[in-house]
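A short write-up of the structure that comes next.
The values are calculated or read from the model by the stated rules, or taken from the named source; none is laboratory data. Please read all numbers here as calculations on a predicted model, not as lab measurements. All Cβ positions, even for glycine, are placed from backbone atoms using ideal geometry, and neighbour counts span all protein chains on display. Just the protein is used for accessible areas: all its heavy atoms, side chains included, with ligands, DNA and RNA removed. Shrake-Rupley method; radii C 1.70, N 1.55, O 1.52, S 1.80 Å.
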Amino acid sequence: MYDGSESSLPIRLLHVEDDAAFADLTATYLDRLAPAVDHEPVAAIDEARGRYREESFDAVVCDYDLPDGTGIDFLEWVREDDPELPFVLFTGKGSEEVASEAISAGVTDYLQKRGGGDQFEVLVNRLRNAVDRSRLMRQVERSIAALEAANEPIGILGADGRYLFANEAYASVYGRSSENVVDRHWKTFYPDDEIERFTEEILPVVTEKGHWTGEATARDEDGRLIRERLVLTHTTDGGHVCIVRGAEPVSESDD
């Protein structure tokens, strides 16, 4: 039963194994150890390619020696379509040469077959970890893409005060590109008196209460002053998310 965690989400698995008895044994252990894994066995690369084209899989487990090629051949074919899909080479052909070849081709994990049921427990753990990492990375990529496309200026700072992310809307507030903001310290964008105010007054409030909303005066790339309305939110790793709700140049009469 799905309990809300990543590890209990259903996993669509393509298992490429020409030994029917071992494929059945694998299916038996997967049903027992990981009921959420929907295991689909095929016996050859050509059949695996057909199933891969027709359906969506979360991971591949593949033997090395197959009737129409090797697991590396299929891995290279998969990598042309999806460089990140979890692919575990599960084989009785254990050698440094095969392992090196698999790593060079972009295998996610390499596991040698051996006697006993323990090997299937290891397989399930490796498979779950690989799929969880893959899903997390895809979620992060989608989130970053959404932030980059957002019209609202958004910047993310690490615990050291340096920007980890800034979308183009955020960078443009300071007359810069996002590449010219990331890795810079937030102090780069503020005059000395504002740096002191942030350090002594604002950031302690953000840390204590988790957020702060107010106005600040920044500098653009050419040194011109900008009055901005900010929303700062504390992150669990000690960093901050900064959203600019509005920004306008400071006129000479305001100086």
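Out of the residues in segment 136-157 that are surrounded by fewer than 16 Cβ atoms within 10 Å (Cβ to Cβ) and in contact (Cβ under 8 Å) with a residue 60 or more places away in the chain, which is nearest to Arg32 (Cα to Cα)? For segment 136-157, the residue satisfying everything is Leu136. Say whether the condition of being touching a residue at least 60 places away in the same chain (Cβ under 8 Å), hydrophobic (A, V, I, L, M, F, W, C) and part of a helix (DSSP H, G or I) is met by at least one residue in segment 5-15. Among the residues of segment 5-15, not one is touching a residue at least 60 places away in the same chain (Cβ under 8 Å), hydrophobic (A, V, I, L, M, F, W, C) and part of a helix (DSSP H, G or I), which makes the answer no. Please work out if Arg227 is touching a helix residue (DSSP H, G or I) at 6+ places or on another chain (Cβ under 7 Å) and surrounded by 15 or more Cβ atoms within 10 Å (Cβ to Cβ). Answer is no for this residue.
Taken over segment 36-55, the criterion of being open to solvent by 60 Å² or more (accessible area, probe 1.4 Å), within 29 Å of Glu141 (Cβ to Cβ), of a type in the set (Asp, Glu) and more than 25 Å from the chain's Cα centre (by Cα) is satisfied by Glu54 alone.
Looking across Thr233, Thr188, Thr217, one residue alone is free of Cβ contacts under 8 Å to residues at least 40 places away in the same chain, surrounded by 14 or more Cβ atoms within 10 Å (Cβ to Cβ) and over 17 Å from Ile156 (Cα atoms). It is Thr217.
Charged (D, E, K, R) and modelled with pLDDT under 95, is that true of Glu215? When the stated conditions are applied, Glu215 does not pass them. Contact annotation: residue pairs with Cβ atoms under 9 Å, 6 or more positions apart or on different chains, pairing a residue in segment 47-68 that is farther than 18 Å from Pro10 by Cβ with a partner that is among the basic types (Lys, Arg) and modelled with pLDDT under 95, are Asp63/Lys93; Asp63/Lys113; Tyr64/Lys93; Asp65/Lys93.
Can you find, within segment 112-130, the residue that is farthest from His39 (Cα to Cα) among those that are in contact with a helix residue (DSSP H, G or I) (Cβ under 8 Å, 6 or more places away or on another chain) and modelled with pLDDT of 90 or more? The extreme case among them is Glu121. Among the strands (runs of 3 or more DSSP E) confined to segment 56-116, the ones with at least 3 residues that are in contact with a Ser or Thr (Cβ under 9 Å, 6 or more places away or on another chain) and open to solvent by less than 10 Å² (accessible area, probe 1.4 Å) are located at 59-62, 87-91.
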